[in-house]
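Engineer: Pasting in a structure now, in structure tokens, and then I'll have a few things to ask.
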Amino acid sequence: MLGAPALGLSTNRISTGYSFNWSTNEGGSMEFCDRNSEGFEKNAARHFQVLSNELRDPKILVCPADTSKRPALDFRNLGLANTSYLIRTGTNVDELHPNEILIRCPIHG
Ligand SMILES: [Zn+2]
């Protein structure tokens, strides 16, 4: 079953760090970062869009238990209505800080 841990692995596969810490000029999404008080992105979809090659299928961004979201047909049309998972960003969220939360499912924690 795919879920938040699988998403974490996908982003982990980028050996030079997480794409939200790279500029959009380098194929990242740093300029889209806009965090709430807990450090979670207000629009996770912007960050998942740049990972389309890694994630492959936008269906995995909807938790099977989340009936309030529907999978996007493609990454181009991905929005908040199509993503269950919350993503936490920041320059301190990287491989060197494995205790930092990266992805959270609002239903399963
Ligand atoms: Zn879940």
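The values are calculated or read from the model by the stated rules, or taken from the named source; none is laboratory data. No experiment lies behind these values; they were computed from the predicted model shown. Because the Cβ atoms are built from the backbone with ideal geometry, glycine has one as well, and the counts that use them run over all protein chains shown.
Engineer: Please pick out the residue among ILE87, ILE101 that is outside any loop (DSSP other than H, G, I, E, B) and within 15 Å of the ligand (Cβ to nearest atom).
Structural biologist: Values: ILE101 fails: outside any loop (DSSP other than H, G, I, E, B).
ILE87 is the lone residue from the list that is outside any loop (DSSP other than H, G, I, E, B) and within 15 Å of the ligand (Cβ to nearest atom).
Engineer: Also, I was wondering about something else. Find the residue count for segment 87-104, including only residues that are surrounded by fewer than 17 Cβ atoms within 10 Å (Cβ to Cβ) and closer than 18 Å to ASN43 by Cα. Talk me through it step by step, then tell me what you get.
Structural biologist: Filtering segment 87-104 down to residues surrounded by fewer than 17 Cβ atoms within 10 Å (Cβ to Cβ) leaves 90-92, 94-101.
When the remaining residues are screened for being closer than 18 Å to ASN43 by Cα, the result is 90-91, 101.
The qualifying residues number 3.
Engineer: If we scan segment 91-105, do we find a residue that is among the hydroxyl-bearing types (Ser, Thr, Tyr) and modelled with pLDDT under 90?
Structural biologist: Start the filter on segment 91-105 by keeping residues that are among the hydroxyl-bearing types (Ser, Thr, Tyr), which leaves 91.
Still in the list and also modelled with pLDDT under 90: 91.
Yes, that holds for at least one residue.
Engineer: Among the residues of segment 27-78, which ones are part of a helix (DSSP H, G or I), more than 16 Å from the ligand (Cβ to nearest atom) and touching a strand residue (DSSP E or B) at 6+ places or on another chain (Cβ under 7 Å)? Lay out the reasoning, then the answer.
Structural biologist: Just the residues of segment 27-78 that are part of a helix (DSSP H, G or I), to begin with: 30-32, 44-49, 52-55, 58-61, 75-77.
Adding the requirement that they be more than 16 Å from the ligand (Cβ to nearest atom) leaves 30-32, 45-47, 49, 52-54, 75-77.
Selection gives HIS47 alone.
Engineer: What are the residue pairs meeting all of these: first residue in segment 83-102, first residue over 19 Å from SER23 (Cβ atoms), second residue more than 16 Å from the ligand (Cβ to nearest atom) and aliphatic (A, V, I, L, M), Cβ atoms under 8 Å, and 6 or more apart or on different chains?
Structural biologist: Listed pairs, sorted by first residue: THR83/ALA45; GLU100/VAL93; ILE101/VAL93; LEU102/VAL93.
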